[in-house]
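Worksheet: one structure, shown below.
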Amino acid sequence: MRHSVDVQCPHCQSTSISKAGKSPKGQQRYLCTNSECPKKTFLLHYVKRAWEDGVKETAIDMVLNGSGIRDTGRVLNIHKNTVI
């Protein structure tokens with residue numbers, strides 16, 4: 001019995017997805033076949049939190065509102081060098 005997972009593109013919400021090999025860490029990559037999608041490949045679960053959608057924008061907002069680099073890294077659970 002095979003278990004299927006319904007995968008949806010996080011960028012364009014399309015459900016026309018195909019497998020696209022594995023990442024160096026061994027995670028399944030997916031390819032969005034929608035021609036209007038801004039990004040073509042994605043992972044369901046990223047190893048590095050800084051690569052998730054919305055983290056970069058939140059970090060920029062925090063820094064612009066006076067949060068320090070270490071504070072921003074601690075709150076978002078990313079390394080301070082990533083914030084820099």
Where GluC sites (Glu not before Pro) fall in DSSP loop in the stretch 9-74, at most 10 other Cβ within 10 Å: GLU36
Calculated from backbone phi, Karplus (6.51, -1.76, 1.60) coupling profile of the stretch 21-26 in Hz, x at Gly/Pro: x, 10, 7, x, 7, x
Summed residue charge, Cβ within 13 Å of ASN65's Cβ, Lys/Arg positive, Asp/Glu negative: -3
Heavy-atom accessible area ranking, 1.4 Å probe, most first, across ILE78, ILE60: ILE60, ILE78
Expected 222 nm ellipticity per residue - DSSP helices of 4 or more, -39500 (n - 2.57), all of the chain, to 500: -6500 deg cm²/dmol
Sulfur and carbon atoms: percent of accessible area, the chain [1.4 Å]: 50
Solvent exposure of the chain as accessible area per residue, Å², 1.4 Å probe: 79
Nearest-10 value in Å² for the accessible area of VAL75, using the 1.4 Å probe: 90
Kirkwood-Stokes translational diffusion coefficient of the chain, alpha-carbon pairs, 37 °C, 0.692 mPa s, µm²/s: 222
Angle in degrees between helix 55-64 and the longest Cα principal axis of the chain, rounded to the nearest 10: 20
Net lengthening on full extension, THR58/HIS79 (0.36 nm per residue, minus Cα-Cα): 6.1 nm
Accessible area of SER35 in the full protein assembly, 1.4 Å probe (Å², nearest 10): 100
The chain, dipole about Cα centre (Lys/Arg Cβ +1, Asp/Glu Cβ -1), debye to the nearest 20: 500
Total lysine pairs whose alpha carbons fall under 21 Å of each other in the chain (8 or more apart, or interchain): 16
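The values are calculated or read from the model by the stated rules, or taken from the named source; none is laboratory data. Remember, it's a predicted structure, so these values are computed and weren't measured experimentally. Here Cβ is always computed from backbone atoms with ideal geometry, including for glycine, and neighbour counts include all displayed protein chains. Protein only, heavy atoms only, side chains kept; ligands, DNA and RNA dropped before computing areas. Shrake-Rupley method; radii C 1.70, N 1.55, O 1.52, S 1.80 Å.
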